[in-house]
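*Asks:* This is the structure, below, for whatever I ask next.
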Amino acid sequence: QVQLVESGGGLVQAGGSLSLSCAASGSAFMIMDMGWYRQAPGKQRELVASITRGGTANIADSVKGRFTISRDNAKATVYLQMNSLQPEDTAVYYCNAVRRVGGTYDYWGQGTQVTVSS
């Protein structure tokens, strides 16, 4: 029903920047809470940033001050601006959408690789 497509990943040098985008299909984007997760090899998937349907953003301590999450409801797109990237930021980044209407609906994108060279 809901499809999430990430884009913007790639290879960047330490200290550089990348901007990730997640475009959502369907008609319910404006009532979904959105998040960006990442998973590095051998590690658990972790929440990087989230933004509620009302626009309240939350940033993980590990990336606070460097990453910014935003959403454009008109474009049904959520963004993750990543600045001052470090090698430890290397991971597959996943877009997530959650609805809590008549139960919990949880959607995931396929992920986009971010590699930061040292």
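The values are calculated or read from the model by the stated rules, or taken from the named source; none is laboratory data. Since we're looking at a predicted model, the values are computed, not measured. All Cβ positions, glycine included, derive from the backbone under ideal geometry; neighbour counts span all protein chains shown. In case anyone asks, the SASA skips ligands and DNA or RNA and just uses the protein heavy atoms, side chains included. Shrake-Rupley method; radii C 1.70, N 1.55, O 1.52, S 1.80 Å.
*Asks:* Give the residue, chosen from Thr112, Thr90, Thr52, that is in contact with an Asp or Glu (Cβ under 6 Å, 6 or more places away or on another chain), among the hydroxyl-bearing types (Ser, Thr, Tyr) and under 16 Å from Gln39 (Cβ atoms).
*Replies:* The match here is Thr112.
*Asks:* Something else now. Name the single residue that is most open to solvent (accessible area, probe 1.4 Å) among those in the stretch 18-30 being under 13 Å from the mean Cα position of the chain (by Cα) and in contact (Cβ under 8 Å) with a residue 60 or more places away in the chain.
*Replies:* Ranking the candidates gives Ser19 first.
*Asks:* Further question: Considering only the stretch 86-105, state which residues are hydrophobic (A, V, I, L, M, F, W, C) and at pLDDT 95 or above.
*Replies:* Within the stretch 86-105, Ala91, Val92, Cys95, Ala97, Val98 meet the criteria.
*Asks:* Right, another one. Does any residue of the stretch 56-64 turn out to be at pLDDT 95 or above and on the phi > 0 side of the Ramachandran plot?
*Replies:* no
*Asks:* Restricting the stretch 1-16 to residues that are in contact with a Ser or Thr (Cβ under 6 Å, 6 or more places away or on another chain) and closer than 12 Å to Thr90 by Cα, which is least open to solvent (accessible area, probe 1.4 Å)?
*Replies:* Gly9
*Asks:* Restricting to the stretch 31-50, name every residue that is closer than 15 Å to Met82 by Cβ, open to solvent by less than 40 Å² (accessible area, probe 1.4 Å) and not small (Gly, Ala, Ser).
*Replies:* Trp36, Arg38, Val48
*Asks:* When the stretch 72-118 is examined, which residues are found to be out of contact with any helix residue (DSSP H, G or I) (no Cβ under 8 Å at 6 or more places or on another chain) and among the basic types (Lys, Arg)?
*Replies:* Those that are out of contact with any helix residue (DSSP H, G or I) (no Cβ under 8 Å at 6 or more places or on another chain) and among the basic types (Lys, Arg): Lys75, Arg100.
*Asks:* Taking the stretch 80-118, which residues are within 14 Å of Gly15 (Cβ to Cβ), out of contact with any Ser or Thr (no Cβ under 6 Å at 6 or more places or on another chain) and open to solvent by 20 Å² or more (accessible area, probe 1.4 Å)?
*Replies:* Ser84, Gln86, Glu88, Ser117, Ser118, listed by residue number.
*Asks:* Quick one: count up the residues across the stretch 63-79 that are farther than 17 Å from Met30 by Cα and surrounded by 14 or more Cβ atoms within 10 Å (Cβ to Cβ).
*Replies:* Residues that pass the stated criteria total 4.
One line per residue, one yes/no per condition, for (1) of a type in the set (Ser, Thr, Tyr); (2) farther than 17 Å from Leu4 by Cα; (3) in contact (Cβ under 8 Å) with a residue 12 or more places away in the chain:
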| site | (1), (2), (3) |
| --- | --- |
| Leu47 | no, no, yes |
| Gly55 | no, yes, yes |
| Thr68 | yes, yes, yes |
| Asn73 | no, no, yes |
| Met82 | no, yes, yes |
| Tyr93 | yes, no, yes |
